[in-house]
Amino acid sequence: ARDVAGNQSPFSNQVSARTVSKGLTYKYYTGVWGNLPDFTNTLIQASGFVNNVDLSKKLQETQFGFLWEGYITIPVSGNYTFQLSSADGSKLYFNNQYGYATPATIDNGGTHDVVTKNSSTTYVTAGVYPIAITYFQATKPPVMNLLWKNPQTSNNFVKIPDSAFVESSPAPAGLPSAPGSLAATA
């Protein structure tokens with residue numbers, strides 16, 4: 001800091017932090033597909049943020065797709081099983097970024113009526129993990145649900161709450177010290 005007389009204070013320490021995710025980003029696509037396309041090579045029709053995986057941002061009733069990406073907070077350590085229920089196809093990428101060639105945690109692809117598939121049950125340590133979900137609708141009435149079961153759900157499948165897609169962030173280390181020895185003279 002410098003005042004009008006040219007007096008300059010010493011440099012304070014610095015702090016670095018990253019932004020905290022609030023929900024999921026979505027990308028919306030249109031097209032005629034028989035299976036999930038490579039969304040990295042598909043023209044985005046709309047994009048934005050949503051609290052959870054849902055189809056409310058669709059712009060038409062058939063022949064569309066979504067890619068949702070963000071982070072999911074695992075609240076307690078324990079065994080987790082994810083579940084996708086969709087018509088037509090969907091995929092889940094847990095603890096991984098989306099990539100067309102990336103192996104999916106759940107592959108519920110193809111054109112079909114409502115089909116439900118589960119991931120294998122895996123022990124997951126509490127924390128924040130990347131997540132991506134893809135979906136496309138061809139001709140069936142659109143359905144897309146993402147659920148989980150874990151120690152907090154009494155091992156019953158429930159919709160993943162919106163709060164799971166909001167990262168909690170502790171105060172970063174190395175916050176600047178409060179200034180001292182301040183005086184004001186009228």
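Taking first residues from the range 6-23 that are modelled with pLDDT of 80 or more and assigned to a strand (DSSP E or B) and partners that are among the charged types (D, E, K, R) and loosely packed, with under 10 Cβ neighbours inside 10 Å, the Cβ contacts under 7 Å between residues at least 6 apart in sequence or on separate chains come to Gln8/Arg2.
Considered as a group, the residues in the range 48-70 that are of a type in the set (S, T, N, Q) and open to solvent by 80 Å² or more (accessible area, probe 1.4 Å) include one that is nearest to the chain's Cα centre (by Cα), and that residue is Asn51.
How many of the residues making up the range 84-130 are among the small types (Gly, Ala, Ser) and within 20 Å of Asp38 (Cβ to Cβ)? Can you show your working first?
As a first pass, look at the range 84-130 and keep what is among the small types (Gly, Ala, Ser): 85-87, 89-90, 99, 101, 104, 109-110, 119-120, 126-127.
Retained after the next criterion (residues that are within 20 Å of Asp38 (Cβ to Cβ)): 86, 89-90, 99, 101, 104, 109-110.
The qualifying residues number 8.
Hey, can you tell me all the residues within the range 88-129 that are among the aliphatic types (A, V, I, L, M), within 18 Å of the chain's Cα centre (by Cα) and part of a loop (DSSP other than H, G, I, E, B)?
Filtering the range 88-129 for residues among the aliphatic types (A, V, I, L, M) gives 92, 101, 104, 106, 114-115, 124, 126, 128.
Applying the additional criterion that residues be within 18 Å of the chain's Cα centre (by Cα) yields 92, 104, 106, 124, 126, 128.
Passing the criteria: Ala104, Ala126.
Just a yes or no: is a residue in the range 72-90 acidic (Asp, Glu) and in contact with a strand residue (DSSP E or B) (Cβ under 9 Å, 6 or more places away or on another chain)? Talk me through it step by step, then tell me what you get.
Of the range 72-90, the ones acidic (Asp, Glu) are 88.
Checking which are in contact with a strand residue (DSSP E or B) (Cβ under 9 Å, 6 or more places away or on another chain) leaves us with 88.
Taking every residue of the range 72-90 in turn, at least one turns out to be acidic (Asp, Glu) and in contact with a strand residue (DSSP E or B) (Cβ under 9 Å, 6 or more places away or on another chain).
Residues of the range 83-109 being open to solvent by less than 10 Å² (accessible area, probe 1.4 Å) and in contact (Cβ under 8 Å) with a residue 60 or more places away in the chain, which ones? The one that is open to solvent by less than 10 Å² (accessible area, probe 1.4 Å) and in contact (Cβ under 8 Å) with a residue 60 or more places away in the chain: Leu84. The one condition from (1) within 19 Å of Ile160 (Cβ to Cβ); (2) in a loop (DSSP other than H, G, I, E, B) that Leu84 does not meet is (2). Just checking, how many residues over the range 45-65 are of a type in the set (Phe, Trp, Tyr) and within 20 Å of Tyr129 (Cβ to Cβ)? Here the count works out to 1.
The values are calculated or read from the model by the stated rules, or taken from the named source; none is laboratory data. Since the structure is predicted, the reported quantities are computational estimates derived from the model, not experimental observations. Cβ coordinates were reconstructed from backbone atoms using ideal geometry, including for glycine residues, and neighbour counts include every protein chain displayed. The protein model used for the area step is the full one, side chains on, heavy atoms only, and it has no ligands, DNA or RNA in it. Shrake-Rupley method; radii C 1.70, N 1.55, O 1.52, S 1.80 Å.
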